[in-house]
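The structure appears below as structure tokens.
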Amino acid sequence: MAEDIDNNATEVLSFRLGSEEYAISILKVQEIRGYDAVTRIASAPDYLKGVVNLRGIIVPVVDMRIKFNVGAATYDAFTVVIVLNINKHTIGMVVDSVSDVVTLTPDQIKPAPDLGATVSGDYLRGLATVGERMLIMLDIDKLLGSEEMGLLAAAKEAA
């Protein structure tokens, strides 16, 4: 996460999936784009919507609503793709909407309880409170890393 030397603050990008608000490190975000049609890849899992050509780079697009099973994926004017840089790969992540960039202090971030949530505990960094808001902080490297990177790389090659 982005850290400020003076107060160890962390900057995160917050976004919505269904009724929940999530956050990821702003350092992983390359850009935010409106949702456009993607090229489907045969035999890909449902959450891998397909690939897009982003200025000459083939980018796999993952729909986080499907991946987290948070209701039917609908695409409207607020649906966006957050383009991420993860482990030297560019990946698009479809979310319902982007809220804002939030600066969090260490005392705002608490460990996530193990309640059998929709997101595996391995991917959770913690829960952060910002006023009345609760942000579910994701470790996007772990979430879209390792085993799935192989799948995403295969999708890029198939395109």
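Nothing in this text is a laboratory measurement; each read-out follows from the coordinates by a stated rule. Please read all numbers here as calculations on a predicted model, not as lab measurements. Cβ placement follows ideal geometry from the backbone for every residue including glycine, while neighbour counts extend to all protein chains displayed.
In this calculation the C-beta distance from Val101 to Ser19 is compared with R0 = 25 Å, giving a FRET efficiency of 0.75.
The value of relative contact order for the stretch 24-118, using C-alpha pairs under 8 Å at least six residues apart, is 27 percent. Cβ-Cβ distance of Thr74 and Asp141, R₀ of 35 Å, FRET efficiency by 1/(1 + (r/R0)^6): the value works out to about 0.80.
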